[in-house]
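Presented below is the structure to which this report refers.
The values are calculated or read from the model by the stated rules, or taken from the named source; none is laboratory data. Model, not experiment: these values are computed from the prediction. Don't worry about glycine lacking a Cβ; one is built from the backbone with ideal geometry, like all the others, and counts go over all protein chains shown. These accessible areas exclude ligands, DNA and RNA; they are computed on the full protein's heavy atoms, side chains included. Shrake-Rupley method; radii C 1.70, N 1.55, O 1.52, S 1.80 Å.
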Amino acid sequence: QVQLVESGGGLVQPGGSLRLSCAASGSGFSNYVMTWYRQAPGKQRELVAGITPAGTTNYADSVKGRFTISRDNAKNMVYLQMNSLNPDDTAVYYCKARRYAYAYWGQGTQVTVSS
């Protein structure tokens, strides 16, 4: 089993940057596909970015070129560097770990982009 704790959210002005972190506890972190999702008020949760154990990444079209996902298997951490933020990025951001049929979620961290 994996426990996930997100951090790094907050209030940022349009055009600004934030770096989200997701700390994982439990065994086998390096074998998990790690994904960031987000959910804005009144909207469905959507995939933002993912990274495989081998380091292959994928991104939602809306964040390509602005967000970067990375992982540090030695530290059991996954990160989401978010640049050029705009109000449409406002949401609760969740970290997810998946391996085979097992999936684990963090509690989320709020990101608000506003002037």
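Specify the longest stretch of the chain that does not include any exposed loop site, a site being one of the trypsin sites (Lys or Arg not before Pro) with a non-H, G, I, E, B DSSP assignment and at most 13 other Cβ atoms within 10 Å. Intermediate values should be presented prior to the final figure.
Working: sites that count: Lys43, Lys64, Lys75.
Formally, the longest exposed-site-free interval is 1-42.
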Out of the total accessible area of the chain (probe 1.4 Å, heavy atoms of protein only), what percent is carbon and sulfur? 47 percent
Relative contact order in percent for region 9-99 (Cα pairs under 8 Å, 6+ apart) equals 40 percent
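Ignoring ligands, DNA and RNA, what accessible area per residue does the chain give at 1.4 Å, in Å²?
On the way: 5980 Å² over 115 residues.
With the other protein chains kept in place, the chain gives 52 Å² per residue.
For every other residue with a beta carbon closer than 13 angstrom to the beta carbon of Val33, add +1 if it is Lys or Arg and -1 if Asp or Glu, then tell me the sum.
On the way: positive: Arg71, Lys96, Arg98, Arg99; negative: none.
Residues close to Val33 contribute a combined charge of +4.
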